[in-house]
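These notes are about the structure you will find just below.
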Amino acid sequence: HPLPIGRIRGLGGKFGEEVSTRLGVSTVGDLAALPLPDIERHYGQETARFLFNISRGVCTEEVEDRTLAKSVGCGKTFRNHLALDPHDEAVMKRWVGELCAELTERLAADREENSRTPRLFGASVKIRGGPRSISKSVAAPRSYSKYAEEALKLIRQIVGGRPSSQGQ
């Protein structure tokens, strides 16, 4: 019940905001506390029934197979004393090389299974003490052998002139 209504499938965008405003609810529990006739005063019978049921965990939609993932990725978190110095070129090359090797294995398998190749290539770095990760992407290199080189360029762009004590 404490789940925000925006987290429910179909209520994450404008419609969810409208429901929240119009019905004065912000959580699934708030919505579940409303009687069906109250919801029907604001919405048609079909939409009201959907909102009433979904707030009680009742969903009549057929379960479908998961769609193909849009992205293939690989990452590693280096926290606290394991944080990397992004200006230590040797350490960065080693880790970027290992991560890109794993990524290219995943991409090769995806190409074989799904007959597709990547269009974008990106890197994401969380700077210690920063609020969130910073990401950059470019057109994917044609050759997997260029991935490590491209990743290092992106990381350098992200960390820019930050002092080496910041780590990632």
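The values are calculated or read from the model by the stated rules, or taken from the named source; none is laboratory data. Quantities reported herein were computed from a predicted structural model and do not represent experimental measurements. Ideal geometry is used to build each Cβ from the backbone, glycine not excepted, and the neighbour counts take in all protein chains shown. To get the accessible areas, we keep the full protein, side chains included, count just its heavy atoms, and leave off ligands, DNA and RNA. Shrake-Rupley method; radii C 1.70, N 1.55, O 1.52, S 1.80 Å.
Can you name the condition, by its number, that PRO37 falls short on among (1) under 25 Å from PRO141 (Cβ atoms); (2) out of contact with any Lys or Arg (no Cβ under 6 Å at 6 or more places or on another chain); (3) open to solvent by 40 Å² or more (accessible area, probe 1.4 Å)?
So the condition that PRO37 fails would be (1).
Quick check on my filter: what residues within the stretch 1-11 are outside any helix (DSSP H, G or I) and either modelled with pLDDT of 95 or more or open to solvent by 50 Å² or more (accessible area, probe 1.4 Å) (or both)?
Within the stretch 1-11, HIS1, PRO2, LEU3, PRO4, ARG9, GLY10 qualify.
So, SER143, is that one open to solvent by less than 50 Å² (accessible area, probe 1.4 Å), more than 20 Å from LEU68 (Cβ to Cβ) and small (Gly, Ala, Ser) or not? Walk me through how you get there before you give the answer.
Details: open to solvent by less than 50 Å² (accessible area, probe 1.4 Å): yes; more than 20 Å from LEU68 (Cβ to Cβ): yes; small (Gly, Ala, Ser): yes.
Answer is yes for this residue.
Considering each of GLU112, GLU102, GLU98 in turn, give the residue that is open to solvent by 40 Å² or more (accessible area, probe 1.4 Å) and in contact with a Cys (Cβ under 7 Å, 6 or more places away or on another chain).
On inspection, the qualifying residue turns out to be GLU102.
Filter the stretch 78-99 down to the residues that are within 21 Å of TYR144 (Cα to Cα) and either in contact with a helix residue (DSSP H, G or I) (Cβ under 6 Å, 6 or more places away or on another chain) or not acidic (Asp, Glu) (or both) and list them by number.
Result: ALA90, VAL91, MET92, LYS93, ARG94, TRP95, VAL96, GLY97, LEU99.
Can you pull out every residue in the stretch 52-70 that is touching a residue at least 12 places away in the same chain (Cβ under 8 Å) and under 28 Å from LYS126 (Cβ atoms)?
Selection gives LEU68 alone.
Just one of GLY73, GLY24 is over 21 Å from ALA148 (Cα atoms) and free of Cβ contacts under 8 Å to residues at least 60 places away in the same chain; which is it?
Checking each option against the conditions leaves just GLY24.
Do we find that SER124 is surrounded by fewer than 13 Cβ atoms within 10 Å (Cβ to Cβ) and either small (Gly, Ala, Ser) or in contact (Cβ under 8 Å) with a residue 24 or more places away in the chain (or both) in this structure? Outline the logic, then answer.
Working: surrounded by fewer than 13 Cβ atoms within 10 Å (Cβ to Cβ): no; either small (Gly, Ala, Ser) or in contact (Cβ under 8 Å) with a residue 24 or more places away in the chain (or both): yes.
For SER124, the condition - surrounded by fewer than 13 Cβ atoms within 10 Å (Cβ to Cβ) and either small (Gly, Ala, Ser) or in contact (Cβ under 8 Å) with a residue 24 or more places away in the chain (or both) - is not met.
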